[in-house]
Amino acid sequence: MSTKINFTNWLDRINKTESVSDSIVAFNFGLFETERSYTIYLIGSETFDEDDDDWATNVDFEPEEKYFELEPSTVNGKDWESVLEVSEGLISEYVNSENFNNSIFKNAEAITTGFDDGDLVRVK
């Protein structure tokens, strides 16, 4: 299966098994490198500050299935900026999909992605 399908399936499973409080106003899809590939993780926060990315360290929601490993074939040989673009693209496609309208993410003030030690990119 393609990375896009697996990513969508991951988020759909989270939507079926998790619920979030109305107090969660933002979600971050964090990124980190592993020995095999790169991994995306999901957190939700009751705070969001457009001018200070530290809001994403306030972890007020974590799904049970928190991690999604990007398939090595999707990211092998890519630099971190390209991996960030892959993550941004996957999230953007989901945000613009029909699935998003019935998801736990639909009422979020902000949805971001980025590496733990870098700047966040706002997708929504």
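Annotation note: of T47, T113, the sole residue that is among the β-branched types (V, I, T), in a strand (DSSP E or B) and modelled with pLDDT of 95 or more is T113. Taking I24 as the residue in question, decide whether it is aliphatic (A, V, I, L, M), buried (at least 16 other Cβ atoms within 10 Å of the Cβ), part of a loop (DSSP other than H, G, I, E, B) and in contact (Cβ under 8 Å) with a residue 12 or more places away in the chain. Spelling it out, I24 is indeed aliphatic (A, V, I, L, M), buried (at least 16 other Cβ atoms within 10 Å of the Cβ), part of a loop (DSSP other than H, G, I, E, B) and in contact (Cβ under 8 Å) with a residue 12 or more places away in the chain. Where residues in the range 47-68 are touching a helix residue (DSSP H, G or I) at 6+ places or on another chain (Cβ under 9 Å) and of a type in the set (D, E), which of them is farthest from R13 (Cα to Cα)? Within the range 47-68, the match that is farthest from R13 (Cα to Cα) is D49. Of the residues making up the range 5-13, one or more are touching a strand residue (DSSP E or B) at 6+ places or on another chain (Cβ under 8 Å), farther than 15 Å from T113 by Cβ and part of a helix (DSSP H, G or I). Do we find a residue being exposed (fewer than 12 other Cβ atoms within 10 Å of the Cβ) and under 19 Å from S2 (Cβ atoms) anywhere in the range 61-74? The answer is yes; a qualifying residue exists. Right, G118: part of a loop (DSSP other than H, G, I, E, B) and either in contact with a Leu (Cβ under 7 Å, 6 or more places away or on another chain) or under 21 Å from S2 (Cβ atoms) (or both) or not? It is false that G118 is part of a loop (DSSP other than H, G, I, E, B) and either in contact with a Leu (Cβ under 7 Å, 6 or more places away or on another chain) or under 21 Å from S2 (Cβ atoms) (or both). With respect to the conditions (1) under 13 Å from V25 (Cβ atoms); (2) surrounded by fewer than 17 Cβ atoms within 10 Å (Cβ to Cβ); (3) of a type in the set (V, I, T), I43 falls short on a single one, namely (2). Spot the failing condition for S73; the list is (1) closer than 18 Å to N28 by Cβ; (2) outside any loop (DSSP other than H, G, I, E, B); (3) of a type outside the set (V, I, T), and only one is missed. Failed condition: (1).
Exactly one residue out of I5, I91 is of a type in the set (A, V, I, L, M) and at pLDDT 95 or above, and it is I91.
The values are calculated or read from the model by the stated rules, or taken from the named source; none is laboratory data. Since we're looking at a predicted model, the values are computed, not measured. Don't worry about glycine lacking a Cβ; one is built from the backbone with ideal geometry, like all the others, and counts go over all protein chains shown.
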